[in-house]
Structures are given as structure tokens and as C-alpha cells.
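Below: the structure, in C-alpha cells.
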Amino acid sequence: MPAVLAVLWSTGFIGVKFGLPYAEPATFLAYRCTLVAAILILVAAITRAPWPKSPAAYLHLIVAGLLLQAVNLGCVFFAIDQGVDASVTALINGLQPVLVAIIAVSVLGERSSIGQWLGFGLGLGGVAMVVWRKLELGVGTPLGMSLSICALLGLSIGVIYQKKFCDEMDLRTGMAVQTAAAAIAMWFVSSWLETGAIDWTGEFIFAFVWLSVVLSLGAITLLLYLIRRGQAARVSSLFFLVPPAAAVFSYFMFDETFGPIALIGMIVSVIGVAFVNRFSCH
């Protein structure tokens with residue numbers, strides 16, 4: 001299951017790059033969040049899922065949704081639109097486990113062993129190796145790189161916030177509230193910064209359906225499920241696998257080549273994840 005999450009999450013960066021030539025980033029994400037929210041509300045109604053019982057519970061879900069989807073995904077969409085390569089964006093997001101481990105120590109009271117920190121170091125080094133040549137080429141703009149860092153912060157803080165305040169939520173209704181909040185936010189950004197135009201080509205429809213159904217309903221649900229089942233730092237360690245997977249998909253879909261250094265980096269990254277999982281505190 002963890003490996004499935006890593007593969008699914010890595011396809012998100014590829015799907016964004018695949019669809020952005022045909023739509024503006026905020027508009028693209030607004031449509032995606034709207035569709036996902038509608039599906040989740042329908043599923044919740046059919047299955048009679050319990051809704052939050054207090055305004056505070058709704059507020060926590062909204063905050064988590066804005067962090068995990070509006071901030072994280074929104075910044076990813078804008079960063080790639082600014083010319084940052086999908087693999088570079090995946091690399092920066094891959095630093096998230098380090099931030100989560102640091103934050104989890106003080107916020108959640110989780111402990112990280114020496115073995116875990118060694119795993120984080122190996123994972124971080126491996127991730128950097130995967131896209132080393134892309135960073136050397138200076139792909140993207142300073143604004144795009146800054147947006148990628150903002151995406152990293154949104155995801156890292158969102159994972160901790162989700163674990164601390166939304167751990168008992170029903171996945172169906174909880175995700176519906178979170179995604180609806182993100183949709184409203186992105187429609188606001190779209191109306192403020194963009195024209196709202198979309199070229200509904202076959203390529204865009206494929207990317208839109210993939211990001212909306214497979215990634216949103218599949219990967220995000222799986223992520224929240226794993227956060228609930230395990231420690232935040234251990235769950236976050238899975239993201240070290242995303243950049244190598246994204247590099248592989250980029251190679252086959254966009255002919256983006258990578259040499260021996262990237263291959264070694266992928267191996268080191270996998271070893272790092274194994275270390276983190278092996279030495280996780282229970």
C-alpha cells in the first residue's frame with residue numbers, strides 16, 4: 001500500500017505538466033477540486049456518512065484542506081506553469097518528511113531515532129541525486145522555485161495539522177469539506193488572476209480525469225488513511241519515493257533522460273525509506 005501511494009502521488013506532477021498547456025493553473029485546479037468535492041458529497045450522501053458535529057470540527061477540516069490542497073497543489077500547479085520541471089517540483093516536495101519529522105517532535109510528541117535520522121539523510125541525498133542535472137541547468141524561475149517551496153510548507157504543515165486536529169474525521173465527509181474549501185479558494189484565485197479559459201483537448205481531459213479521480217480520490221484518500229494508521233513521520237517518509245518515480249514517468253512520457261547518478265539516487269532513496277520504516281518508533 002505505501003508503494004502504491006508513492007507511485008500515485010508521483011503521477012500528479014506528470015499529470016499537471018500534461019494538462020497545463022491547455023488551462024491556466026488556478027482554473028485547472030478549481031475545476032478539479034469542484035468535481036472531486038461533488039463526487040465525495042454524493043458518496044457521503046449515498047453511504048450516509050456522518051458529518052462533523054461542531055463548527056470547530058468544520059474549521060479544522062477547512063484549514064487542513066486549504067493547506068493540503070489549495071496551498072500545496074495550488075503552488076505546484078503555479079510552479080510548473082512558471083517553467084519549473086515536474087521532477088524538480090517533485091524533488092522539493094520530497095523534502096517534506098524532514099520537515100514533518102522536525103515538527104512532529106514538538107507538536108505531536110513523536111520521537112525520531114538515530115536510525116530514522118540516518119534514513120532521512122539517505123533519502124534526502126538520494127532525492128537530490130535523482131534530479132541533480134535538472135537543478136544544474138537552472139530549470140524554472142525564482143518565482144517558480146519559491147512556489148515549490150511554498151507547496152512543500154503547505155504539505156508539511158498540513159500533514160501535522162491533519163494528524164493533530166482531524167484524525168477522527170470520516171474520510172468521506174472530511175475530504176468533501178476539505179476539497180470544497182480548496183475549490184472555493186481556487187475559484188477566488190482564478191477569478192482574481194486568470195481568464196478562466198480552457199482548451200478541452202483530449203490531452204487535457206485525460207489529465208483532468210486522472211488528477212480528479214485517480215489522484216484526488218485515490219491517492220489523497222490513501223494518504224489520509226495512512227496518516228490515521230501510523231505515525232506522521234513514518235507516513236511522510238513514503239514521499240522520498242515520489243521524486244524517483246516522477247523521474248521514471250518523465251523519462252517514458254516526456255523523454256526526459258537521466259543518467260547513472262539518478263539511478264544511484266533512486267537506490268539510495270529507497271534505502272533511506274527502508275531505514276525510516278525499520279527504525280520507526282511504535
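The values are calculated or read from the model by the stated rules, or taken from the named source; none is laboratory data. Remember, it's a predicted structure, so these values are computed and weren't measured experimentally. Methodologically, a virtual Cβ is constructed for each residue, glycine included, from the backbone with ideal geometry; neighbour enumeration extends over all protein chains shown.
Side notes on the structure shown:
Here is a yes/no grid of residues against (1) in a helix (DSSP H, G or I); (2) modelled with pLDDT under 75; (3) crowded, with 23+ Cβ neighbours inside 10 Å:
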residue: Val235; (1), (2), (3): yes, yes, yes
residue: Pro244; (1), (2), (3): yes, no, yes
residue: Val248; (1), (2), (3): yes, no, no
residue: Phe252; (1), (2), (3): yes, no, no
residue: Leu263; (1), (2), (3): yes, yes, no
residue: Met266; (1), (2), (3): yes, yes, no
residue: Ala274; (1), (2), (3): yes, yes, no
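- Per-region count, the range 152-182, residues of a type outside the set (Asp, Glu) and more than 30 Å from Val98 (Cβ to Cβ): 4
- Members of the range 1-30 that are crowded, with 20+ Cβ neighbours inside 10 Å and among the hydroxyl-bearing types (Ser, Thr, Tyr): Ser10, Thr11, Thr27
- When Ala26, Ala49 are checked against the criterion of being of a type outside the set (Val, Ile, Thr) and outside any helix (DSSP H, G or I), Ala49 stands alone in meeting it.
- The residues of the range 173-189 that are surrounded by fewer than 20 Cβ atoms within 10 Å (Cβ to Cβ) and of a type outside the set (A, V, I, L, M), listed by number, are Trp187, Phe188.
- Close pairs from the range 206-227: first at pLDDT below 85, partner buried (at least 21 other Cβ atoms within 10 Å of the Cβ) and part of a helix (DSSP H, G or I), Cβ under 6 Å, at least 6 apart: Leu215/Gly12; Ser216/Val36; Ala219/Trp9; Leu222/Leu5; Leu226/Val235; Ile227/Gln162; Ile227/Lys163; Ile227/Val235
- Among all positions in the range 56-73, there is at least one residue which is surrounded by 20 or more Cβ atoms within 10 Å (Cβ to Cβ) and within 30 Å of Asp255 (Cβ to Cβ).
Listed here are the residues, each with its yes/no results for (1) among the β-branched types (Val, Ile, Thr); (2) closer than 25 Å to Ile198 by Cβ; (3) touching a residue at least 40 places away in the same chain (Cβ under 8 Å).
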{"position": "Gly12", "(1), (2), (3)": "no, yes, yes"}
{"position": "Val16", "(1), (2), (3)": "yes, yes, yes"}
{"position": "Ala30", "(1), (2), (3)": "no, yes, yes"}
{"position": "Val43", "(1), (2), (3)": "yes, no, yes"}
{"position": "Arg48", "(1), (2), (3)": "no, no, no"}
{"position": "Val63", "(1), (2), (3)": "yes, no, yes"}
{"position": "Leu67", "(1), (2), (3)": "no, no, yes"}
{"position": "Val88", "(1), (2), (3)": "yes, no, yes"}
{"position": "Gly94", "(1), (2), (3)": "no, no, yes"}
